[in-house]
Amino acid sequence: MILRKLRTLFWVFLVSCLFTASIQAKSVSLDKIIAIVDDDIVMQSELTQRIRSITSRLKNQGAQLPSQEVMYQRVLDQLIVENIQMQLAERLGIRIGDTQLNATIDSITKSNQMTLAQFEAQLKAEGETYASAREQIRREMIITRVQKREVDRRVRVTDLEVENFLASKEGRTRSGAEYYIGHILIAVPEPASMEVIEAAEKRANGILSELKAGEDFQKVAIAKSDGRQALNGGVIGWRKESELPTIAEDIIPSLAVREPSKLIRTSSGFHIVTVLEKRGGKEQFIDQSFVRHILISPSEIRTNEEAKEIITTLYERISSGDDFAPIAKSHSDDPVSAIDGGSLDWVSPGQMVPEFENMMNQVAIGETSKPFRSQFGWHILEVTERRKQDMGALIQTNQAKQVIHKHKYEKELTNWLLEIKGEAFIEIKGLKKESEEDTPEEQG
C-alpha cells in the first residue's frame, strides 16, 4: 500500500511539473490519471486513444455504437484488466521480441491478403498509427501468453468427457464422416405409363451394370444422367452424415468409395448414388513413413556453411556404406532422436515442417536423402518403411479433446479474469470524457 501511495504521489508530482514547465505557453493539453491499478496507472490519453480506435473500427463496420457513458465504462474496464495481466506478465518474465512481433504482423497482413504498406494505410484510415498498432499487437500477444499459462493449468479433459461428447449429437456432427457424393438420375415424367417406367428402369439397370463393370461414375453421369449436376459429373459435393439426401441417407454410409448403390425409385425417376471420396469418421486411413534423420544445426560457434559441410561429409559416409544409426548417435544435434539412432518413429502428414515432409515424400524406401535445410538446420533422412494406418479413432478423440478443452478454457478464462480483477487494488480517479474541454489555457 505504501508503494502504491508513493507511486501516486510521484505521478501527481510529475504532472504538476509538466504543468509548471509549460505555464508560459499559449495552451497546453494535460494528461490525467484516471485509474490506479496495483503498481501501475491508466492515463486519460490511453482511454481516449482506445475509444477513438474502437469507435472508428465499429463505424467502418457499420455497427451501432453504444452510448458514450457505456463506451467509456467498458473500455476503461478493458484497460484495467489488461493492465493487471501486463503486470503479471512482467513478474513472470513474459516478453515478445521484435523478431516474433514482426513475424506475427507479417502473418496478419498475409492472412488479410495485404502488403505492409496497405496495412499501414488501413490503420491510418481508421485514425491509428502503425507504431501504436504494433505495440497493441505486442500487448495482445503478451496477454494471450499469460492467459494460456495461467488458465491452461486449470483445464482438465477426462476420458469419460471425451466418450460422452462423441456420443452426443454435437460430437456426432463434428466427428462424423463426410461424403463426396455422386448422383445419376434417370428421369420419369409425371404422369407416366407403365411402358415408360419400365423403359426408364431398363435404362437405369444398364447404367448400373456399366458402373459395376468399372466404368467411371462421373464420365457416365456426364453422358447419361438427367440430373441437374450431370454436366458436373453428377457431383453433389461434400455432405456430413446429418446432411445426406433423404432418399439415400441410409444407403450412403454403407457404400465403399466408388461403389454404386442399388437403384433408388422415387416419383422423379430412378437414382444411383456413390461415394466418390470419404473423410472423417471412425475410419481414416493416412499414409505414414517410418523415418530416421540426422540434424546438424548452426550455432554461436558453428556457421551455416560449416553445418552444411558437416552434414555433407556424413551423407558421403552413409552413401559409401557406413551405418546410419551409429552416425546419428554420435553426430546428430537432435538429442531425442539421436539416442535411438536418429529414429523419429512413424511420421504422419503435417507432423513435420514442409521442407522435411517434402523430402520425406520424395525419397524411396531405404534411400538416404541428399542434405537439405529447414528452419532447424541441415538434415539428411532415410525412410525405412511406409504404410497406410487407420487413425480415425485417434483423430476423433483428439478432435473431441480440442472441442471440450476450448469450451472449458473459455469458461475458466472468464472466471480467472474476474478473480484477478477482484484481487487487484483498483482506484478510479474519475473520467474526463472526450466531449469535455481538455485543453485548459494558461496565460503567460
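The values are calculated or read from the model by the stated rules, or taken from the named source; none is laboratory data. Because the structure is a prediction, the values reported are computed rather than measured. As a convention, Cβ positions derive from the backbone with ideal geometry for all residues, glycine included, and neighbour counts pool all protein chains shown.
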Quiz item: List the pairs whose first member sits in region 103-129 and is closer than 19 Å to Arg57 by Cβ, whose second member is surrounded by 12 or more Cβ atoms within 10 Å (Cβ to Cβ) and hydroxyl-bearing (Ser, Thr, Tyr), and whose Cβ atoms are under 6 Å apart, counting only residues at least 6 apart or on separate chains?
Solution: Phe119/Thr109; Glu120/Tyr130; Leu123/Tyr130; Glu126/Ser56; Gly127/Ser56; Glu128/Ser53
Quiz prompt | Single condition Asp159 does not satisfy, out of (1) touching a residue at least 12 places away in the same chain (Cβ under 8 Å); (2) over 18 Å from Val37 (Cβ atoms); (3) not basic (Lys, Arg) | solution = (1)
Quiz item: Quick one: in region 169-192, which of the residues that are within 22 Å of Met391 (Cβ to Cβ) and among the small types (Gly, Ala, Ser) is modelled with the lowest pLDDT?
Solution: Ser175
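Taking the options Ile207, Ile272, Ile236, Ile222, name whichever one is part of a helix (DSSP H, G or I) and either in contact (Cβ under 8 Å) with a residue 60 or more places away in the chain or within 30 Å of Gly171 (Cβ to Cβ) (or both).
After ruling out the rest, the residue left standing is Ile207.
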Quiz item: In the list Ala325, Ala307, Ala364, which residue meets the criterion of being assigned to a helix (DSSP H, G or I), of a type in the set (Gly, Ala, Ser) and surrounded by fewer than 19 Cβ atoms within 10 Å (Cβ to Cβ)?
Solution: Ala325
Quiz item: Of the residues that make up region 24-38, is at least one aliphatic (A, V, I, L, M), more than 26 Å from Ile426 (Cβ to Cβ) and surrounded by fewer than 18 Cβ atoms within 10 Å (Cβ to Cβ)?
Solution: yes
Quiz item: Only one of (1) in a loop (DSSP other than H, G, I, E, B); (2) within 34 Å of the chain's Cα centre (by Cα) is not met by Pro253, so which one is it?
Solution: (1)
Quiz item: Regarding Ala103, is this residue under 21 Å from Thr55 (Cβ atoms) and of a type outside the set (Ser, Thr, Tyr)?
Solution: no
Practice problem: For residues that are crowded, with 16+ Cβ neighbours inside 10 Å and polar (S, T, N, Q), scanning just region 391-433, find the one that is modelled with the lowest pLDDT. | Solution: Gln396
Quiz item: What number of residues in region 349-361 are out of contact with any Pro (no Cβ under 8 Å at 6 or more places or on another chain) and either buried (at least 17 other Cβ atoms within 10 Å of the Cβ) or not in a helix (DSSP H, G or I) (or both)?
Solution: 8
Practice problem: Please list, ordered by first then second residue, the pairs with beta carbon atoms under 9 Å, 6 or more apart or interchain, first in region 391-403 and on the phi < 0 side of the Ramachandran plot, second among the aromatic types (Phe, Trp, Tyr). | Solution: Met391/Phe285; Gly392/Phe285; Ala400/Phe165; Lys401/Phe165; Val403/Phe165
Quiz item: How do the pairs read when you match residues in region 162-184 that are more than 30 Å from Glu259 (Cβ to Cβ) with residues anywhere that are of a type in the set (D, E, K, R), using Cβ under 7 Å and keeping only pairs 6 or more apart or on different chains?
Solution: Val162/Lys401
Exercise. Determine which single condition Phe324 fails, assuming it passes every other condition in (1) within 14 Å of Trp378 (Cβ to Cβ); (2) of a type in the set (A, V, I, L, M, F, W, C); (3) in contact with an Asp or Glu (Cβ under 8 Å, 6 or more places away or on another chain).
Key: (1)
Exercise. Considering only region 328-348, state which residues are part of a helix (DSSP H, G or I), more than 32 Å from the chain's Cα centre (by Cα) and farther than 19 Å from Glu385 by Cα.
Key: Lys329, Ser330, His331
Quiz prompt | Options Gly214, Gly269, Gly280: the member that is within 40 Å of the chain's Cα centre (by Cα) and not polar (S, T, N, Q) | solution = Gly280
